[in-house]
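Here the structure comes first, spelled out in structure tokens, and everything after it is commentary.
What follows is calculated from the coordinates using simple rules that are stated; it is not laboratory data. Keep in mind that this is a model prediction, so the values were computed, not measured. Ideal geometry is used to build each Cβ from the backbone, glycine not excepted, and the neighbour counts take in all protein chains shown.
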Amino acid sequence: MAKPKIKPEIGTEKVVSVSPHWNVVVLNDPVNYQDYVVIVLTNVLGISHTQAKKYMLIVHNEGRAIVWTGKLERAEMFVLELQQWHLSAQLEKNG
Amino acid sequence: MAELRLTMTAEARNVLTDLLRLIAPAAARVSVNRAKIPDSDSELASFWTESLSAQAGEEARLLAAAFANAKGDPAVIILKNEAQSLAFLRALSAVRFALRELVFSDIPDSQLEGAEDLDDENLPNEKRHALACYSCFGLLQQSLIGQIDS
């Protein structure tokens, strides 16, 4: 006996991450030299000299730059490390 | 990276050493006060504060030892490897911030960026002295950055 054909119901839904992303923001300061900021960003974030210089110029010209975005724990670690290097860094929720 | 050297006159070394003795104990407080510490989690905030304070303590010891060991005229600070050089660079930034916050917080940021030209005879001697030291620490930082980059 043939089994009745049952058409399975297949649905799709978007999977959206529930954990919000966080921005690591560096603010301009009057004390640290531009070249120092580049060295710090290179060492802490592990980015290239060119990328670090780009961020430094944004900080210098616009007063602040988002230098990293991602999960909270990592963002906190970066902010603490940047502060330990005496950059003015802070955490901001993204979106 | 080969060892790096910072050279200064014995007089400059003595003046900067004296200033470091005065300013270093307060550097930790300045470092913590400046930092924007997340306050939503008290345990994290406490860890954060302790980390910054410990860091400042290490930097004060590093600077004190380096200047104390720089004998002779000219006095030379020798940094043996990259880690030492970067730590010293960071410590110099800390002391410049401490001076900025504790001695001349009234000077606007825009003026401070050209601090090398900021010698004003109308300022009290204490402040002029601190500004001169601030510039000297900056020159040491720039010399070190130049050597690291080359």
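Quick look at the numbers
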read-out: Computed Kirkwood radius, in angstrom, where 1/r is averaged over Cα pairs of the protein assembly as shown; value: 20.0 Å
read-out: Footprinting exposure proxy for B:Ile148, A:Ile39, A:Ile10, A:Ile66 (fewest neighbouring C-beta atoms within 10 Å first); value: A:Ile10, A:Ile66, B:Ile148, A:Ile39
read-out: Rg [Å, one decimal], Dmax [Å, integer] - segment A:33-94, C-alpha atoms; value: 10.8, 29
read-out: Relative contact order for chain B, counting Cα pairs under 8 Å that sit 6 or more residues apart, in percent; value: 34 percent
read-out: MRE, 222 nm, helices only [DSSP H, n ≥ 4, -39500 (n - 2.57), over chain B, to nearest 500]; value: -23500 deg cm²/dmol
read-out: q = 0.10, 0.16, 0.21 Å⁻¹, chain B: log10 I(q)/I(0) [Debye, one scatterer per Cα]; value: -0.38, -0.93, -1.36
read-out: For A:His21, residues with placed amide H under 5 Å, excluding near neighbours; value: A:Asn94
read-out: Least to most buried among B:Arg21, B:Arg29 (fewest other Cβ within 10 Å first); value: B:Arg21, B:Arg29
read-out: Sorted largest first, extent of segment B:79-142 alpha carbons per principal axis (Å); value: 43, 20, 17
read-out: Test item: B:32-38 mean partner chain Cβ contacts at 10 Å; value: 5
read-out: Shielding score for B:86-92, defined as the mean number of other chain Cβ atoms within 10 Å; value: 3
read-out: Positive-end residue of A:Ile10, B:Ala94, B:Leu52, charge dipole of the protein assembly as shown with Cβ unit charges; value: A:Ile10
read-out: Exposure proxy ranking, count of Cβ atoms within 10 Å, fewest first, for B:Thr49, A:Thr42; value: B:Thr49, A:Thr42
